[in-house]
Amino acid sequence: MGNSAGALTAEPVTGTEMIFAEVLADLVHVEQVSVDSHFFDDLGADSLVMAHFCARVRKRPDLPSVSMKDIYRHPTLRSLAAALAPAAAAAAAAPGPSVADARVGAAEMPTVVLAKPAAPAEVAAPARTREYIVCGALQLLFFLGYAWAAALTGARAYEWISAGSGLRDIYLRSVVSGGVGFTVVCTIPILAKWLLIGRWKPRQIRIWSLTYLRFWIVRTLVRSNPLAFLTTGSPLYVLYLRALGAKIGPGTVIFSHNVPVCTDLLTIGADSVIRKDAFFGCYRAHRGWIQTGPVTLGRKVFIGEKSVLDINTSMGDVTQLGHASSLHSGQQVPVGERWHGSPAQRTDLNYARVTSARRRGTLRRFRFSTVTLCYVFFLYLPLVEGGAFLLLTAVPAFGKVFDPNAGALTSRQLYTDALAVSFVLVFGLMLAGLLVVATVPRLLNLFIKPCTVYPLYGFRDRIHRAVARMTGVKFFTHLFGDSSFIVYYLRWIGYDLREVEQTGSNFGTEVGHETPYLSTIGSGTMVADGLSLMNADFSSTSFRVSPVSIGGHSFLGNNIAYPAGGRTGENCLLATKVMIPLDGKVREGVGLLGSPPFEIPRSVERDSRFDHLSTGDELRRRLRAKNWYNLRTMGVFLLGRWLHVFLVTVLALAAFDAYGGYGQVETGALFALSVLITPVYFVLVERGMRGFRRLEPKYCSIYDPYFWRHERLWKVPGEAYLKMFDGTPFKNLIWRGLGVKIGKRVFDDGCYLTERTLTTIGDDVMLNAGSKVQCHSQEDGTFKSDRTTIGSGCTIGVGAMVHYGVTMGDRSVLLPDSFLMKGEEIPQHARWGGNPAREM
C-alpha cells in the first residue's frame, strides 16, 4: 500500500465520492484513499476486493448500484462517481426498484426486445417431498426395467451369434443382430416421445410430478440415443430431430451434441449452421417448474460455438449469433442483423467466414448418410459384437457362459478372467490408443490443406472428422492434464509448442481442438481448463481449417472458445468465459473479460506475491517435486480406472453366467448393479483421497504441496457417470456423498460442482443443464479457493457459471450463459445476468 500513500491528496468533494472512499478504505485496510487513486495500480486491490466493494455499495439504498464492469471502465472513485451521477440522482429521488433501472441506462446496456414472461412463471411451484420420493422411486424402476431388457436382449443376441459356424456366419449374424438392435434402440426414443408426450407445446410442468416423470423419460431416451452421438453434424442427425417433431429446413447442419428435447417447439430455416456446444433445448428449469417455449431460427442463420438460446427467442433470416453469446428469453434478432455477447447486442462483426455454395448437394448428403450407416451396420457393430464373442470364447471359463451357476460370484476363475479382461481393456487399449493418435491422424491430415474451402459431406470432410475424433480422446488429456506431461502429449498428437517454459500446469485436463496440426501455443502461456481451439469454419455447404495461434506469456481462464483469427497477442490475461475478439487491434499486455470483451488490468500487485517461486533454482526444485507428485497422481488415476473396470467386468460376467430360466432376473439385476456401483465407487475414491476431511479456503502458489493435493481431486475421481443421474433425486444423494452441503428437493439437470465440500446449496434450487459452480481460480502461478453459497429457491440458468466466494440470496435468479464473478453477492429475489453478471 506504500504507493497509495503519496496519492492521498485529492479529497472527496461529493457525498457519493465520500461514501465510496469510506467503503473502499475499509476494504483495503487504510485510513483514507484518494478519489484519484487507481483501484488496481495505486491501491493494490484485485477483482475480489472490488467485488466486495460493489456488494457493499449495492446494500446502500442512497447509492447507485455498481457492477464490476463499471469498476473496470472507471478505475478511480472520481471517475466512477461521475459516471454514475445520473443513477445517484435517481437513487436520491426515488430509492427502490428504479435505482437499478437508472444504472442500467448509464451502463450502456444493449438494446433488446424482451417478451414479458407469463404470470405463472414468477410463481414458485409448491415443494412436495412426497412427490419427490415417489418420482425417484419410479425413475429407479424405469432404470431397472430398461437394464433388465438390455441385459436380456444382449444375452440372447450373443447366444444366437455364438451358434454360428465359421467366421463368415458369425459376421453375418453380428450384422443382423447389431443392425436390428441398433434400429430398435434408435426407434424407442422416437416412439416414447410420441406416446408419452405427443406434441410439445409451451407450458409449465411442476418438477417431481407424474407429468415431469414422463418429461424425464423422454428427455433421457432422446439424449441417450446412439444415433445422436454417431451422426451429429450429418444429415442423419437432422432427420432424427425431424422424426421427433422439429421443423428443420433443407441444408441445415447442426454440430452441437446438446440434443434439443422439446423438438416440436424448434423451428430452423434452410441452410442454417449451429456450431458445437450450443444449447437450444426449448426448455428450462425455473422456480420449481419445467418451462417449455419456442426457439425459432430463420433461413441462413449462424449460431456460434458455446452459445445459448433460451426459450421464447427468435432470429430472422440471414442473422448471426456470435461465439460465447446468448439470447435471453424474449430477445429477437431482426432480419439480416448480427448479434453477439451475453445477453446479445448488435454488432457488425461477421462470424460466418466461409461462403456457402449455391447448390446444397442433395446427392452428396444422401451418399454421406448412406456411407455412415454402412460403417455403423457393417463395421462398427460387427466389431463390437463379434469382438465380444471372440473375447468370450477366448477366455476358458466363458465356454459355459450360459450354463447357470449359482455360485458364479464365488468362482475364483471368474475373478481371474475379469482381471485379465480389465487389464487388457484399460492398459492395452491405452497403449494402442497412444500409438494410433500419433500416427493415423497424421497420415489422414495429408489430404487436407489449410485455408482451402472443401465441400461438406465429401471425402475430405470425412477425413477431417476422423482426425478430430481420433486426436480428441478425452481420456488422454484427463490422464496427462494438470502436469508437465500434457505438453509432451500435445506435441505427440501435433500441437506446435515452441520453447515451452514448463510450469507443471501449462494445460488443464480439458483441451479441445478440431485439428491439432494447426494449433500453436506461445512460450510461457498457461491454460486453466476447458479451452476449445476452433480451427474450422463452417457454412451449410462448406468448411475449411485454419491456423489458431495463442500468444506467449499469456494466461487463459476456464471455458474459452478461441477461434481462428483471434485478435490477442503476447502477455494477455483471457478471463473465464471471455469472448475472443475478432476485430480491431491485436491486444497485448492487457486482460480481457466478458462477452463482448472489454479490457482489464493484466495483473495486480497482490497476484505477484508468489513470483519468486517461478524462477531460478527454486522453480527447478519445486517443479521437480511437483512432477513426481503428478506422476504418482497419474498412477492413482490409472489404478482407479482399472479397478472400476474390473468391478464392472466381474458383475457383467456374473450376469452373463446367470443367464437362463429364472436367472434372467438375476442377469438384469447384476447388469443394473454394474452401473449403479459406479457412483458408490467414485464417491469412496474421492472421499478417501481427501482423507474424509473437508476442503478449506486457500490462497497459495501452484508450487505449494496443498495445490497438488487439491489438483489431484480434479483428475482421479470420475465425472462422466454423473450425467446418468441428471434430473433425478439420486444426483443429490451423490453430491451429498461427495461432501456438498445440499438441501432438499434440489433439481439438477446437468450442473457440475468442482469443489464439492466448499459448495453449499439450499432447498428447492434449480440447476440447469451446462451450469457450473467453481469454487477456485488459478491465475498464472497463483491458486485461490473459497466457499460459495447458493440460497434456497435459487435458479442458475443454462450454461451459467458461478465463481468462488459467491453468495446468492434466497430465490434469486442467474440467467442463462451468465458469469457470476468471484466475491459477488446477489440479494434475495434479485435477477442477475450477463457476462460478467449484473442486475437485470
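The values are calculated or read from the model by the stated rules, or taken from the named source; none is laboratory data. Everything quoted here is computed from the prediction, not taken from an experiment. A quick note on method: Cβ atoms are made from the backbone with ideal geometry, for glycine too, and the neighbour counts reach across all protein chains shown. Note: areas computed on protein heavy atoms with side chains; ligands, DNA, RNA excluded. Shrake-Rupley method; radii C 1.70, N 1.55, O 1.52, S 1.80 Å.
Figures for the structure shown
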quantity: Hits in segment 184-203 (condition: touching a Pro at 6+ places or on another chain (Cβ under 9 Å), outside any loop (DSSP other than H, G, I, E, B) and open to solvent by 50 Å² or more (accessible area, probe 1.4 Å)); calculated: Val185
quantity: Among the residues listed as Val467, Val440, the single one being over 30 Å from Tyr351 (Cβ atoms) and at pLDDT 95 or above; calculated: Val440
quantity: The lone exception for Phe280 - which of (1) touching a residue at least 60 places away in the same chain (Cβ under 8 Å); (2) of a type outside the set (S, T, N, Q); (3) under 25 Å from Met801 (Cβ atoms); (4) out of contact with any Asp or Glu (no Cβ under 6 Å at 6 or more places or on another chain) it fails; calculated: (1)
quantity: Scan of segment 249-264 for residues that are touching a Ser or Thr at 6+ places or on another chain (Cβ under 8 Å) and among the β-branched types (Val, Ile, Thr), ordered by number; calculated: Thr252, Val253, Ile254
quantity: Of the criteria (1) open to solvent by 10 Å² or more (accessible area, probe 1.4 Å); (2) within 19 Å of the chain's Cα centre (by Cα); (3) within 23 Å of Val134 (Cα to Cα); (4) not β-branched (Val, Ile, Thr), which one Tyr752 fails; calculated: (3)
quantity: Within segment 8-48, tally of residues that are modelled with pLDDT under 70 and open to solvent by less than 30 Å² (accessible area, probe 1.4 Å); calculated: 1
quantity: Failed condition for Leu327, given (1) surrounded by 17 or more Cβ atoms within 10 Å (Cβ to Cβ); (2) over 17 Å from Thr267 (Cβ atoms); (3) at pLDDT 95 or above; calculated: (2)
quantity: Close pairs (7 angstrom Cβ cut-off, 6 or more residues apart or separate chains): in contact (Cβ under 8 Å) with a residue 24 or more places away in the chain in segment 123-134, among the small types (Gly, Ala, Ser) anywhere; calculated: Ala124/Gly288; Ala124/Gly793; Ala125/Gly288; Ala127/Gly288; Glu131/Ser209
quantity: Matching residues in segment 131-158 - criterion: being β-branched (Val, Ile, Thr) and within 19 Å of Tyr212 (Cα to Cα); calculated: Ile133, Val134
quantity: Residue in segment 252-267 that is in a strand (DSSP E or B), open to solvent by less than 10 Å² (accessible area, probe 1.4 Å), without any contact (Cβ under 8 Å) to a residue 60 or more places away in the chain and aliphatic (A, V, I, L, M) present; calculated: yes
quantity: Output for segment 483-499, where each listed residue is in a loop (DSSP other than H, G, I, E, B) and either open to solvent by less than 10 Å² (accessible area, probe 1.4 Å) or on the phi < 0 side of the Ramachandran plot (or both); calculated: Ser483, Ser484, Tyr495, Arg498
quantity: Only listed residue being touching an Asp or Glu at 6+ places or on another chain (Cβ under 7 Å), over 24 Å from Gly750 (Cα atoms) and of a type in the set (A, V, I, L, M, F, W, C), chosen from Ile170, Ile161; calculated: Ile161
quantity: Test set (1) touching a residue at least 60 places away in the same chain (Cβ under 8 Å); (2) closer than 18 Å to Tyr72 by Cβ; (3) not in a strand (DSSP E or B) - Asp583 fails condition number; calculated: (2)
quantity: Matching residues, segment 762-773, being open to solvent by less than 20 Å² (accessible area, probe 1.4 Å) and over 12 Å from the mean Cα position of the chain (by Cα); calculated: Gly762, Val765, Met766, Leu767
quantity: Subset of segment 299-322 that is in contact with a Gly (Cβ under 6 Å, 6 or more places away or on another chain), in a loop (DSSP other than H, G, I, E, B) and open to solvent by less than 10 Å² (accessible area, probe 1.4 Å) - its residue that is farthest from Thr355 (Cα to Cα); calculated: Ile311
quantity: In segment 440-456, the residues that are open to solvent by 70 Å² or more (accessible area, probe 1.4 Å) and outside any loop (DSSP other than H, G, I, E, B); calculated: Arg442, Leu443
quantity: Residues located in segment 135-179, provided they are under 27 Å from Lys723 (Cα atoms), open to solvent by 70 Å² or more (accessible area, probe 1.4 Å) and without any contact (Cβ under 8 Å) to a residue 40 or more places away in the chain; calculated: Leu141, Tyr146, Thr153
quantity: Qualifying positions in segment 269-317 - hydroxyl-bearing (Ser, Thr, Tyr) and more than 20 Å from the chain's Cα centre (by Cα); calculated: Ser272, Thr292, Thr296, Thr313, Ser314
quantity: Pair list, Cβ under 7 Å, 6 or more apart: segment 230-247 residue charged (D, E, K, R), other residue surrounded by fewer than 20 Cβ atoms within 10 Å (Cβ to Cβ) and outside any helix (DSSP H, G or I); calculated: Lys247/Thr267
quantity: Checklist (1) part of a helix (DSSP H, G or I); (2) at pLDDT 95 or above; (3) hydroxyl-bearing (Ser, Thr, Tyr) applied to Tyr721, failing item; calculated: (2)
quantity: Which listed residue is farther than 23 Å from Thr795 by Cα and not in a loop (DSSP other than H, G, I, E, B), from Arg712, Arg736; calculated: Arg712
quantity: Among the residues listed as Pro816, Pro827, the single one being open to solvent by 20 Å² or more (accessible area, probe 1.4 Å) and under 21 Å from His328 (Cβ atoms); calculated: Pro827
quantity: Complete set of residues in segment 77-100 that are buried (at least 21 other Cβ atoms within 10 Å of the Cβ) and either closer than 24 Å to Gly594 by Cα or modelled with pLDDT of 85 or more (or both); calculated: Leu77, Leu80, Ala81, Leu84, Ala87, Val99
quantity: Subset of segment 796-836 (residues that are assigned to a loop (DSSP other than H, G, I, E, B) and farther than 18 Å from His286 by Cα); calculated: His803, Tyr804, Gly805, Val806, Met821, Lys822, Gly823, Glu824, Asn835, Pro836
quantity: Residues being closer than 19 Å to Ala528 by Cα and buried (at least 19 other Cβ atoms within 10 Å of the Cβ) - total across segment 578-600; calculated: 10
quantity: For Ile463: the one exception among (1) without any contact (Cβ under 8 Å) to a residue 24 or more places away in the chain; (2) assigned to a helix (DSSP H, G or I); (3) loosely packed, with under 15 Cβ neighbours inside 10 Å; (4) not polar (S, T, N, Q); calculated: (3)
quantity: Arg712 modelled with pLDDT under 95 and open to solvent by 20 Å² or more (accessible area, probe 1.4 Å); calculated: yes
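Results for (1) in contact with a Phe, Trp or Tyr (Cβ under 9 Å, 6 or more places away or on another chain); (2) open to solvent by less than 50 Å² (accessible area, probe 1.4 Å), shown as yes or no for each residue.
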{"position": "Ile702", "(1), (2)": "yes, yes"}
{"position": "Pro705", "(1), (2)": "yes, no"}
{"position": "Pro717", "(1), (2)": "yes, yes"}
{"position": "Phe725", "(1), (2)": "no, yes"}
{"position": "Lys731", "(1), (2)": "yes, yes"}
